[in-house]
Amino acid sequence: MTKLLYQEDSYLKEALGVIMDIQDRSIVLDQTIFHPRTGGLECDHGYIISNGKTYRVINVSIDKSSQKVIHELDSCEGLSPGSIVKQVLDWDRRYRMMKLHTSAHIISAIMYNKFNALATGGNITPEYAYSDFNLSIYEKTIFENVIEEANRVVKSGLEVKIYWLPREEALSIPGAVKLASRLPPELPVLRIVEIPGVDIQVDGGPHVKNTAEIGEIILVKTENKGKFKKRIYFTIK
């Protein structure tokens, strides 16, 4: 099981790691700052440095059965198991996704509190994000008002708290899971992301420390994807 350093500190830009395994062009490290493609977030990019040579990290995924994070590189030539390597994150890419991820939590909290709507899907890239909700009605003004309210939260400069709770206690919190059809992974302790007075969710991804870091959430467009599937696209500036 790879230790997920980004869950403890989303602002880590560099860290050391030991190569545990190599397969083709991919390596498994004992610990990682790279967030894999999971939970609706695109994966992190960056570099692995070893013996003066730089390897580009082009894809990151997680083996759900072993909980090992797999880093696909442009080459593994010269690398070997047991070697200590330096991890360097593409910080600009990560930081934008952190801002969009926290924005998505704020939006989903407002949708849940105002319309009892749960998220049915979504995706976050460095450029933009979208979220789907099981809402029956489709009116663009609903999402315009949600974004307006979300920006009030952003401008309030609220702390984003990260902590862990036993699984049963975490899942007993009303609204801690805002996904319509998916429960958190079967882990005895779950990671909680809380924006006091706004939102509390079980979540494993990177977030900003304060909502003010987001800047401003911009509504890009909305789509009616079906009877109970309304989509909102948004970005930040």
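The values are calculated or read from the model by the stated rules, or taken from the named source; none is laboratory data. For clarity, every value in this text was computed on a predicted model and none was experimentally measured. Glycine also receives a Cβ, built like all others from the backbone with ideal geometry; neighbour counts cover every protein chain displayed.
Would you confirm, using the coordinates I've provided, whether residue 62 is in contact with a helix residue (DSSP H, G or I) (Cβ under 6 Å, 6 or more places away or on another chain), buried (at least 18 other Cβ atoms within 10 Å of the Cβ) and not assigned by TED's automatic domain parsing to the domain that holds residue 203?
Numbers: in contact with a helix residue (DSSP H, G or I) (Cβ under 6 Å, 6 or more places away or on another chain): no; buried (at least 18 other Cβ atoms within 10 Å of the Cβ): yes; not assigned by TED's automatic domain parsing to the domain that holds residue 203: yes.
Here the answer is no, as residue 62 does not meet what is asked.
Report yes if some residue within the stretch 32-39 is modelled with pLDDT of 95 or more, in contact with a Leu (Cβ under 9 Å, 6 or more places away or on another chain), surrounded by fewer than 20 Cβ atoms within 10 Å (Cβ to Cβ) and not acidic (Asp, Glu); otherwise report no. Looking for residues that are modelled with pLDDT of 95 or more, in contact with a Leu (Cβ under 9 Å, 6 or more places away or on another chain), surrounded by fewer than 20 Cβ atoms within 10 Å (Cβ to Cβ) and not acidic (Asp, Glu), one finds none in the stretch 32-39, hence no.
Counting only strands (runs of 3 or more DSSP E) that fall entirely inside the stretch 139-215 and contain at least 2 residues that are touching a residue at least 60 places away in the same chain (Cβ under 8 Å) and not assigned by TED's automatic domain parsing to the domain that holds residue 67, the qualifying elements are 189-195, 199-202.
The set of residues in the stretch 20-40 being part of a strand (DSSP E or B) and under 17 Å from residue 67 (Cβ atoms) consists of 20, 21, 23, 26, 27, 28, 29, 31, 32, 38. If you go through the stretch 216-226 and pick out every residue that is at pLDDT below 95 and either in a loop (DSSP other than H, G, I, E, B) or not assigned by TED's automatic domain parsing to the domain that holds residue 147 (or both), you end up with 0. The residue that is nearest to residue 204 (Cα to Cα), among those in the stretch 162-189 that are among the hydroxyl-bearing types (Ser, Thr, Tyr) and at pLDDT 85 or above, is 163.
Tallying residues that are out of contact with any Phe, Trp or Tyr (no Cβ under 8 Å at 6 or more places or on another chain), crowded, with 18+ Cβ neighbours inside 10 Å and of a type outside the set (S, T, N, Q) within the stretch 209-224 yields 1. In the stretch 111-127, of all residues being assigned to a loop (DSSP other than H, G, I, E, B) and of a type outside the set (Ser, Thr, Tyr), the one that is farthest from residue 207 (Cα to Cα) corresponds to 116.
If you filter the stretch 156-203 down to residues that are within 14 Å of the chain's Cα centre (by Cα) and over 21 Å from residue 111 (Cα atoms), you find that the one that is surrounded by the fewest Cβ atoms within 10 Å (Cβ to Cβ) is 162. Within the stretch 31-46, the only residue that satisfies the criterion of being without any contact (Cβ under 8 Å) to a residue 40 or more places away in the chain and polar (S, T, N, Q) is 31.
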